[in-house]
Amino acid sequence: MNFDLIVIGSGPGGYVAAIRAAQCGMQVAVVEKAELGGICLNWGCIPTKSLLKSAQVLDYTRQAADYGVKAGEAKADFSAVIARSRGVADKMSKGIQYLFKKNNITILNGRGSLLAGKKVRVEQLDGTSETHEAQHIILATGARSRVLPTIPQDGKRIIGYRQALTLEHKPASMLVVGSGAIGSELAWFYNAMGTKVTLVEFMPNILPVEDEEVSKQVARSFKKAGIDVLVKSSVESVDASGELLKVSIRNKKDEIEIHEVETVLSAVGITPNIENIGLEDAGIEIEKGRIKVDDFYRTNVEGIYAIGDIVHGPALAHVASAEAICCVEKIAGLSPEPIDYGNIPGCTYTSPEVASVGLTEAKALEAGFELKVGKFPFTASGKASAAGANEGFVKLIFNAADDTLLGAHLVGANVTEMIAELVVARKKKITGRELIATIHPHPTMSEAVMEAAAAAHGETVHL
Ligand SMILES: Cc1cc2nc3c(=O)[nH]c(=O)nc-3n(C[C@H](O)[C@H](O)[C@H](O)COP(=O)(O)OP(=O)(O)OC[C@H]3O[C@@H](n4cnc5c(N)ncnc54)[C@H](O)[C@@H]3O)c2cc1C
């Protein structure tokens, strides 16, 4: 069949591209070899947040007495927690099916690959295949868990994120390698479920891309919750010959420690899915392991585009979706703005949560800015005290020269819901003074933003 657009992959890059293209009047087909909705809906953002919600409910119930509530002994039913997460993911995936139908988008089940001349071959599970043509083809095939040679995954005892979302029973002990958002979230989840968790990070701080003060706060909270945190440490090998795995770790003193655990979760990043999709046949250029694209996601071959985890930029769902819209609107002859990769929020849904945008203090100094930094702790927030959630702070970094916001770093309860204000502030070049003059509702956690801006100007008026 002939289409205006064929999208390969139905994650937050692919499905958003397909729907926006249909809205722009194109005849669209999406090729998908697994579940609709991609990693985000089925194996990433959504099922992890569902698991973390269960952990939070458990935590709250255990602390019920602090709120004057008698709730009895709270216990997690691990398989029910996993089942709830799978149910939430399935429902979201079905939602994509509904949206495709509503927008008259054709679903082509199977593995898609490019053929020369803007053709796409779709191989079904039964081995049959068909070829479709389109004026435009968007590649949105996403990524998978990165496998290190020192930590070969067997999918049972040495696992990646996929298995961590569907384990049949809760391990007694788990060593999580890598403390980015995925490693930290899963470390927090398993610890809350009652697994003895050790988190190993090669860099000097966990959540290494975050502002150092934020990373240190999360490390304190993790340790208080019972997670063993090892920084400046690397896993040298995993011996799977015995009943327990023997993990050899080079620690910060450059000595070898052996840890015996039931499960190792490798969370050391992702590998883009760029193999076996016909890039060579179509003559598409690759740069540093990702597909090379311009500001509007055009590859070097006319009519072929790439978005999401297979191109440069942070591997995040909202980035993939923003790229999808920018790419499709350009194809449709509209005038989308290129994405500002300096203004992308990042969130980690541990307890406390972390949310940030822009430069860390270290990066801002490195870039040569003179800074005005303001910090407001949640210990001084009325809403946080009422909620029993005093951990954390809002830290804002302003350019002393013009009072614009260079970076915002939040750690605390629900801060992932607060960061968008600061993304807008950066986009619209709103100054610290303007943030101070913007009335924030009382009592809310968001007042801490206004207060942190005031602190940067030496004008804090509240506690
Ligand atoms: C555990 C975990 C938690 C995460 N949490 C968050 C979060 O909280 N917030 C956030 O922003 N991001 C999060 N992410 C990252 C986010 O999931 C990805 O950045 C996002 O899914 C990328 O979207 P995409 O469209 O590029 O690809 P994907 O979502 O990976 O989708 C690609 C799709 O393409 C299909 N496909 C691949 N090859 C072919 C082929 N040849 N033919 C047909 N179909 C094919 C795949 O089956 C898949 O469905 C998380 C990731 C993980 C692993």
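The values are calculated or read from the model by the stated rules, or taken from the named source; none is laboratory data. Since this is a predicted model, take the numbers as computed values, not measurements. Here Cβ is always computed from backbone atoms with ideal geometry, including for glycine, and neighbour counts include all displayed protein chains. Surface accessibility is based on the protein's heavy atoms, side chains included, excluding ligands, DNA and RNA. Shrake-Rupley method; radii C 1.70, N 1.55, O 1.52, S 1.80 Å.
In this Cβ point-charge picture (+1 for Lys and Arg, -1 for Asp and Glu), the chain has a dipole of about 840 debye about its Cα centre. Residue 363 contributes an accessible area of around 110 Å² to the protein surface, as traced by a 1.4 Å probe with all chains present.
Centroid-to-centroid, using Cα positions, the range 65-92 and the range 393-463 are 34 Å apart. Please name whichever of 40, 321, 342 sits farthest to the positive end of the charge dipole of the chain, dipole taken about the Cα centre and charges placed at Cβ: Lys and Arg +1, Asp and Glu -1. Highest projection toward the positive end goes to 40.
Label-to-label distance, residue 166 versus residue 64, with points set 7 angstrom from Cα along the beta-carbon direction: 3.3 nm.
Rounded to the nearest 500, what is the 222 nm mean residue ellipticity of the chain from helices alone, with -39500 (n - 2.57) per DSSP H run of 4+ residues and division by all residues?
Details: 14 runs with 144 residues, N = 463.
So the calculated ellipticity at 222 nm is -9000 deg cm²/dmol.
For residue 437 and residue 250 in the same chain, what is the full-extension length gain: residue separation times 0.36 nm, less their Cα-Cα distance, in nm? All intermediate terms of the calculation are to be shown ahead of the outcome.
Details: separation 187, 0.36 × 187 = 67.32 nm, distance 5.10 nm.
Length gained, residue 437 through residue 250: 62.2 nm.
Spatially, the range 165-189 and the range 132-164 are offset by 18 Å when compared through their Cα centroids. Taking a span of 20 Å or more along the helix axis (Cα atoms) and a mean Kyte-Doolittle hydropathy of at least 0.5 as the rule, the DSSP H helices of the chain that qualify are 317-331.
What number comes out for accessible area per residue over the range 369-454 if the probe is 1.4 Å? Units Å², please. Numbers along the way, then the final one.
On the way: 3570 Å² over 86 residues.
Spelled out: the 1.4 Å probe surface of the range 369-454, per residue, equals 41 Å².
Across the protein chains, with a 1.4 Å probe defining accessible surface, the residues 32, 123 rank 123, 32 from largest area downward.
FRET efficiency for the residue 23 to residue 271 pair, using the beta carbon distance and R₀ = 41 Å, is estimated at 0.80.
Taking the Cα centre of the range 73-133 as the origin, how large is its charge dipole in debye, to the nearest 20, when only Lys and Arg (+1) and Asp and Glu (-1) carry charge on their Cβ atoms?
Values: 11 positive and 7 negative charges, 50 e Å.
In debye, rounded to 20, the range 73-133 gives about 240.
In this Cβ point-charge picture (+1 for Lys and Arg, -1 for Asp and Glu), the range 174-273 has a dipole of about 220 debye about its Cα centre. In the chain, taking the dipole from charged Cβ atoms about the Cα centre, the farthest positive-side position among 137, 374, 411 is held by 411. Prolate is the label for the range 308-461. Its Cα gyration tensor axes, ordered a ≥ b ≥ c, give a/c of at least 1.5 and a/b above b/c. If you take the Cα centroid of the range 327-370 and the Cα centroid of the range 243-261, the two points sit 37 Å apart.
Using Cα pairs closer than 8 Å and at least 6 residues apart in sequence, work out the relative contact order for the range 227-271, in percent. All intermediate terms of the calculation are to be shown ahead of the outcome.
Working: 60 pairs, mean separation 13.0, N = 45.
RCO, the range 227-271: 29 percent.
A crude spin-label estimate for the pair residue 104 and residue 302, with each label 7 Å from Cα along the Cβ direction, gives 2.8 nm. Placing unit charges on the Cβ atoms of the charged side chains and taking the dipole of the range 156-263 about its Cα centre, the candidate lying farthest along the positive direction among 248, 235, 163 is 163. Taking a straight Cα-Cα cut-off under 22 Å and skipping sequence neighbours fewer than 8 places away in the same chain, the lysines within cross-link reach of residue 101 are 33, 91. State, to one decimal in nm, how far the label point of residue 75 lies from the label point of residue 53, with both points 7 Å from Cα in the Cβ direction. For the pair residue 75/residue 53, the computed spacing is 2.5 nm.
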